[in-house]
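Trainee: Please read through the structure below; I'll follow up with questions.
The values are calculated or read from the model by the stated rules, or taken from the named source; none is laboratory data. Keep in mind that what you see is a predicted model, and the values were worked out from it rather than measured. Backbone-built Cβ (ideal geometry, glycine too); neighbour counts: all protein chains shown.
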Amino acid sequence: MTAPLFEAIPNFSEGRDRGKISRIADAVRAVSGVRLLGLHSDPDHNRSVLTFAGEEDAVFSGAVVLAQACASELDLASQTGEHPRIGVLDVLPFVPLEGATMDDAVRLARRTAEILGSLGFPAFLYGAAATASYRRDLPDVRQAGYEGLAGRLQDPLWRPDYGPPALDPRKGAVAVGARPFLVAFNAFLDTDDVEVARAIARRVRESGGGLRAVRALGFAVGGKAQVSMNLIDLEQTPIPVALEAVRSAAAELGASVESTELVGLAPLAAILDTVRYYLGLRELGPDHVLETRLHEPPDA
């Protein structure tokens, strides 16, 4: 039997300085047993999303090294960007992969949060690792943003799970969680009016009465209005359903979707579901994908 595998998808608050981004990513890449799967940086959001995987101890070590690199390279007090954030290492979710359970991911998240706390990060647990129901959803944890975090830490309900109850203005805090797969999917509109994107986001997100398991915000990115979405349960709302909802809402406001963007990685099943939807290939499966067949045993 092989050891359980985990995926970590940290978001850190730097998307412009290629040197800093490379040094942070290289620090994780150098950890034995860690496989770096992806790096997506956005200068407008001023944010990078790193994806790496491995066995528990390797992923744990990679997360700790990442936090140390972010604290060394970045200064949140001088950081600006479209995306809300609370720390240089802003969000650190763990996802159970082959052989791992959600309980395993919760254990890994809590183990990591404790160490990050000892390094001076106020650490908040969220998702399946949350210690209180009102901290379960990431938007609630990050609601005050960096600017409001110092005051929020004085509220007994919002003391960190680990780490100091005071804010280091350079590195801020970190949200550490355990969750299932999440797909970060953005739609760029044919307008630069960010208020249109914000109106669409309000319509499509679950909290506004829209699609289940969808979180959405509107931003100005690269001279275009962007609807930024997190699809947190693809069984409830898959990619094409979310996209068509954005298209419909945009049309009502006199806009259209010009292009889309996938941030980080998505499971093959989600990509196949999208192809089935738009091409009508009802019987499409992994065995129709050349690369999948090439990596199967010879007698498969």
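Trainee: What number of residues within the range 11-30 satisfy the criterion of being crowded, with 21+ Cβ neighbours inside 10 Å and out of contact with any Pro (no Cβ under 8 Å at 6 or more places or on another chain)?
Mentor: 6
Trainee: Report, by residue number, each residue of the range 168-204 that is part of a loop (DSSP other than H, G, I, E, B), free of Cβ contacts under 8 Å to residues at least 60 places away in the same chain and either outside the structural domain of SER259 (by TED's automatic domain parsing) or in contact with a helix residue (DSSP H, G or I) (Cβ under 7 Å, 6 or more places away or on another chain) (or both).
Mentor: Answer for the range 168-204, where residues must be part of a loop (DSSP other than H, G, I, E, B), free of Cβ contacts under 8 Å to residues at least 60 places away in the same chain and either outside the structural domain of SER259 (by TED's automatic domain parsing) or in contact with a helix residue (DSSP H, G or I) (Cβ under 7 Å, 6 or more places away or on another chain) (or both): just ASP168.
Trainee: Counting only residues that are in contact (Cβ under 8 Å) with a residue 40 or more places away in the chain and under 14 Å from the mean Cα position of the chain (by Cα), how many does the range 38-77 have?
Mentor: 9
Conditions (1) part of a helix (DSSP H, G or I); (2) over 28 Å from PRO43 (Cβ atoms); (3) among the acidic types (Asp, Glu), marked per residue:
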position	(1), (2), (3)
GLY218	no, no, no
ALA225	no, no, no
GLU235	no, yes, yes
GLU244	yes, yes, yes
ALA255	no, no, no
GLU261	no, no, yes
ALA270	yes, no, no
ASP273	yes, yes, yes
LEU281	no, yes, no
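Trainee: Can you tell me which of ALA201, ALA213 is surrounded by fewer than 20 Cβ atoms within 10 Å (Cβ to Cβ) and among the small types (Gly, Ala, Ser)?
Mentor: Just one listed residue meets the conditions, ALA213.
Trainee: Kindly indicate the residue of the range 91-131 that is surrounded by 24 or more Cβ atoms within 10 Å (Cβ to Cβ) and of a type in the set (Ser, Thr, Tyr) and also farthest from VAL65 (Cα to Cα) among those meeting that condition.
Mentor: Ranking the qualifying residues of the range 91-131, first place goes to TYR126.
Trainee: What residue, among those in the range 202-220 that are hydrophobic (A, V, I, L, M, F, W, C) and touching a Lys or Arg at 6+ places or on another chain (Cβ under 6 Å), is nearest to ALA249 (Cα to Cα)?
Mentor: Result: ALA216.
Trainee: Filter the range 145-167 down to residues that are assigned to a loop (DSSP other than H, G, I, E, B) and out of contact with any Leu (no Cβ under 9 Å at 6 or more places or on another chain), then give me how many there are.
Mentor: Result for the range 145-167: 2.
Trainee: Hey, another quick one. Has the range 230-242 got any residue that is within 26 Å of SER78 (Cβ to Cβ), buried (at least 20 other Cβ atoms within 10 Å of the Cβ) and not acidic (Asp, Glu)?
Mentor: no
Trainee: Right, something else. Which numbered condition in (1) of a type in the set (Gly, Ala, Ser); (2) crowded, with 21+ Cβ neighbours inside 10 Å; (3) closer than 23 Å to ARG136 by Cβ is the only one that ALA184 fails?
Mentor: Result: ALA184 passes all but (2).
Trainee: Moving to a separate point now. Which condition breaks for ASP192 when tested against (1) within 15 Å of ALA113 (Cβ to Cβ); (2) in contact with a Gly (Cβ under 9 Å, 6 or more places away or on another chain); (3) surrounded by fewer than 16 Cβ atoms within 10 Å (Cβ to Cβ)?
Mentor: Just one mismatch for ASP192, condition (1).
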